[in-house]
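First the structure, in the form of structure tokens, and then the observations on it.
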């Protein structure tokens, strides 16, 4: 399982809904459907709530940004959607190896792992990174997914 943990807030989502939608689409969708081995967790720091979208169970998530924004609005406010789990608090969000966009070292993600994107600083210190911190967050997710896909298929990876 690959988990994408996005630390954000309701005000950050209201200010940049398209960025959140791009991250969700990049994390869970692949050209021929939904990634069954992935989940996106949006931790809303200001309300201390985690909204998890589970690829294996999600329904009605489409690749266009406007519908993804609508999906997230409903998930953040109501949480009553197939494949959406809402929990109070932040415990267990970083289960597994945590990788993030640090510039310290390079490593390849091997599931299960959690990739952290801090849109709102949460003080989560990643263990290692892929040296992709300069990329926009949704591009980081794409690189991590492609790298993981290649790793799982046994292909040679060049970073």
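Where a number appears in this text, it was derived from the coordinates with a stated rule and is not lab data. If you're wondering where the values come from, they're calculated on a predicted model, not measured in any experiment. Here the Cβ is made from the backbone with ideal geometry for all residues, glycine too, and neighbour counts use every protein chain on show.
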*Set the Förster radius R0 to 25 Å, insert the Cβ-Cβ distance between residue 30 and residue 78 as r into 1/(1 + (r/R0)^6), and round the FRET efficiency to 0.05.*
0.40
_Exposure proxy order (Cβ contacts within 10 Å, fewest to most) of 151, 119_ = 151, 119
*Using the number of other C-beta atoms within 10 angstrom as an exposure proxy, rank 90, 11, 31 with the fewest first.*
31, 11, 90
_Can you compute the FRET efficiency between residue 10 and residue 146 using 1/(1 + (r/R0)^6), with r the Cβ-Cβ distance and R0 = 30 Å? Round to the nearest 0.05._
0.45
